[in-house]
1. Taking only the range 358-381 into account, find how many residues are aliphatic (A, V, I, L, M) and either open to solvent by 60 Å² or more (accessible area, probe 1.4 Å) or more than 23 Å from Val33 (Cα to Cα) (or both).
2. Given (1) over 30 Å from the mean Cα position of the chain (by Cα); (2) within 25 Å of Gly341 (Cβ to Cβ); (3) of a type outside the set (D, E, K, R), identify the lone condition not met by Gly272.
3. Taking into account only those residues within the range 310-327 that are without any contact (Cβ under 8 Å) to a residue 60 or more places away in the chain and aliphatic (A, V, I, L, M), which is farthest from Val259 (Cα to Cα)?
4. Which of the residues belonging to the range 329-357 are part of a strand (DSSP E or B) and open to solvent by 10 Å² or more (accessible area, probe 1.4 Å)?
5. Name every residue in the range 307-328 that is of a type in the set (Lys, Arg) and either within 21 Å of Leu24 (Cβ to Cβ) or crowded, with 24+ Cβ neighbours inside 10 Å (or both), in order of residue number.
6. Working only within the range 180-197, note down all residues that are in contact (Cβ under 8 Å) with a residue 40 or more places away in the chain and among the charged types (D, E, K, R).
7. Pull up the range 269-306, narrow it to residues that are open to solvent by 30 Å² or more (accessible area, probe 1.4 Å), among the hydrophobic types (A, V, I, L, M, F, W, C) and not in a strand (DSSP E or B), then point me to the one that is modelled with the lowest pLDDT.
8. Quick one: is Gly236 open to solvent by less than 50 Å² (accessible area, probe 1.4 Å) and at pLDDT below 95?
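The values are calculated or read from the model by the stated rules, or taken from the named source; none is laboratory data. Small disclaimer: the values here were computed from a predicted structure and weren't measured. So basically every Cβ, Gly included, is an ideal-geometry build from the backbone, and we count neighbours across all protein chains shown. Accessible surface areas use protein heavy atoms only, side chains included; no ligands, DNA or RNA. Shrake-Rupley method; radii C 1.70, N 1.55, O 1.52, S 1.80 Å.
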Amino acid sequence: MGIISPTERLLACADPSEPVESGLLSVDLSALVANWRKLASMAGASECGAVIKADGYGLGQAATLRALAGAGCRTFFVANLIEGEAARALAPDATIYVLDGVAPGCAPRLAAAGLRPAIGSFAQLEEWAAAGVTLSRKLEAALHFDTGMNRLGFAPQDAGMIALRAQAIAPTLVMSHFVSAQLPASPINDRQIGDFLAVRAHFPGVPASLANTSGVFLPQRPHFDLVRPGYGLYGGNPTPGAENPMKPVARLCGRIISVRALAAGETVGYDGIWAAPRPSRVATVGVGYADGLPVAATAAPGKPAGEAIVGGVRCPFVGRVSMDYVVLDVTDAPEEAARRGEWVELLGETIKVEELAARAGTIGYEVLTRLGRRFARRYVG
């Protein structure tokens, strides 16, 4: 049996001769489907939908939608009309909700695509009802109530009035959004559930939805008729502070472009913010902030730097993350793994999305949704 190279051990990455790009994003669709099925099982009798906005949280709306639809998902949530039209072209029979609601003048396009806006204002309700009059039918929509997020939605105290006015449309869902579902002990959760129950009472027979991914895990089990996970589907941890119950979906690898030796005291990158504390080897990898690698993961005094896996060894970022490159200290990595053309793992089984986010002072949602289009993309599973 031959020797397995470090590149072959990086299962998320292709053979170096395949992609010409310097970065490779591998998306495990079987893990995505497994995450959806886990959440659907936890939701019990409630339907499990899927949020596929922001290009499927950066991993590709088309591929993720097809995989989830193939697994049995029938209800999807997108952010806006453009995302909704793209989703409709891929899933002609799916139920698709548009979370922005009705943008001014867009009701005819929403109706033509068979999309259901999440209506959260009187102006949107009137525009949607008027479009229905033009089409001689009541148009379907969700009614969005604000129980604490203070972004979108009707006030809960207006639920009675909305129930009367909504007779001009066909409500198919009553929904709200958790503020702090990722914090099970937060008193806001109980208050929101109570407010939502009061709202729901005004809409007998209309399905209700409150839980995002973290909401599925709350001990109160506020699953209602439909849960709508997003982040957790794509491998994000919906239970911060505890082990991630979801399978990782995204794996990001970068190719080493060059390796060089530094004397102690030599600096790396713009402004020379990092100096080698010893004679070192550093490797330049062809992935930077233009690809979505957070510039805030830069190595600087007094803060943790981002890391990459090189031949099974954690190697820290050194110097500033630049537009097209990040430099790693590979002094302690196996020499055969830290060579020009080899792949390193920036995100995946070992470097979880929450870890990279924490080292950049941001959140995993931002890390995923900013993954760039310059990567070669491989869908597996």
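1. 3
2. Checking Gly272 against (1) over 30 Å from the mean Cα position of the chain (by Cα); (2) within 25 Å of Gly341 (Cβ to Cβ); (3) of a type outside the set (D, E, K, R), the one that fails is (2).
3. Across the range 310-327, the extreme among qualifying residues is Met323.
4. Matches in the range 329-357: Asp329, Glu345.
5. Passing the criteria: only Arg314.
6. Arg191, Asp195
7. The extreme case among them is Ala300.
8. When the stated conditions are applied, Gly236 does not pass them.
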